[in-house]
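Some notes on the structure that comes next.
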Amino acid sequence: MNENRSVMSVPPEEGQILSMLLKVMNARKTIEIGVFTGYSLLSTALALPNDGKANVDRSNYKIGLPFIEKAGVEGKIKFIESEALPVLDKFVQEMNEDEMFDFAFVDADKENYSNYHERLLKIVKIGGLILYDNTLWFGSVAMPMNPDMPKYLTEGRESIIKFNKELAADPRIELCQVCIGDGLTICRRVD
Ligand SMILES: C[S@@+](CC[C@H](N)C(=O)[O-])C[C@H]1O[C@@H](n2cnc3c(N)ncnc32)[C@H](O)[C@@H]1O
């Protein structure tokens, strides 16, 4: 793997926020969409009680697995290597109310954030948290569009702007935009 891709991992202070939230809310069951090497997943798993579970999704997980094993938390993780949407659809179809998640963290393909949101609202319990990473997209969501904007900004920007507007108008959640990393949106399911 190209080491420059380390920018994909959440920054340490964001890992700490995830951990703090999980502990404060006594979360036991979480789901993470977009694992990469598993840095945010490790922060999550360390914060869960021993009988907690982090259900996750595809990627370069093998690179991070030795660190997760060294931390002794691999038993809390059920890793699912797959496109996220079919896995979420299966959860929506099969999950009973008493099996619902306390917490979800989404850090995957931005174009699908709206699709993930609709499904997560059916499998995260009322009062639970759904967090979306990169919702300020390196600050570009607040910049006027201009022809000199680099491609990596223009590509994700439109999807994130559209998604942020959808969240702001969604009565099923209460939300808080945190300026950490390149933006973290914390949604609490209220309906
Ligand atoms: C930014 S990285 C996640 C980084 C992770 N939060 C961390 O701190 O290490 C995004 C990950 O989402 C995965 N991903 C992208 N689209 C996906 C999809 N449709 N289904 C499942 N995973 C996806 C990518 O393979 C990549 O590993």
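The values are calculated or read from the model by the stated rules, or taken from the named source; none is laboratory data. Source: prediction; values computed, not measured. No Cβ is skipped: glycine too gets one built from the backbone with ideal geometry, and neighbour counts run over all protein chains shown. Surface areas here come from the heavy atoms of the whole protein model, side chains and all, with no ligands, DNA or RNA. Shrake-Rupley method; radii C 1.70, N 1.55, O 1.52, S 1.80 Å.
Some observations on this one:
- Dipole of region 3-189 computed with +1 at Lys/Arg Cβ and -1 at Asp/Glu Cβ about the Cα centre; of 42, 63, 150, farthest Cα towards the positive end is 42.
- Residue 169 paired with residue 99, simple spin-label distance in nm, labels 7 Å along Cα-to-beta-carbon: 3.5 nm
- Across region 45-108, Cα pairs under 8 Å and at least six residues apart give a relative contact order of 35 percent.
- Length, then width, then depth: along the principal axes, the Cα atoms of the chain run 51, 41, 30 Å.
- For residue 92 and residue 151, a Förster radius of 41 Å and the Cβ-Cβ distance give a FRET efficiency of 0.75, rounded to the nearest 0.05.
- Given the chain, longest segment not containing exposed loop GluC sites (Glu not before Pro) (DSSP; at most 16 other Cβ within 10 Å): 84-191
- Formal net charge of residues neighbouring residue 188 (Cβ-Cβ distance under 14 Å; K, R +1; D, E -1): -1
- Accessible area per residue for the chain, computed on protein heavy atoms with a 1.4 Å probe, is 52 Å².
- Placing unit charges on the Cβ atoms only, positive for Lys and Arg and negative for Asp and Glu, gives the chain a dipole magnitude near 240 debye about its Cα centre.
- Set 110/165; 90/125; 23/62 screened for pairs whose C-alpha atoms are more than 22 Å apart: 23/62
- Every Cα-Cα pair in region 137-191 was counted, and those over 16 Å apart are 47% of them.
- The portion of the accessible surface of region 3-189 made up by carbon and sulfur, rounded to a whole percent, is 55 (1.4 Å probe; DNA, RNA and ligands excluded).
- Estimated FRET transfer efficiency (residue 69, residue 28; beta-carbon r; R0 22 Å; 0.05): 0.55
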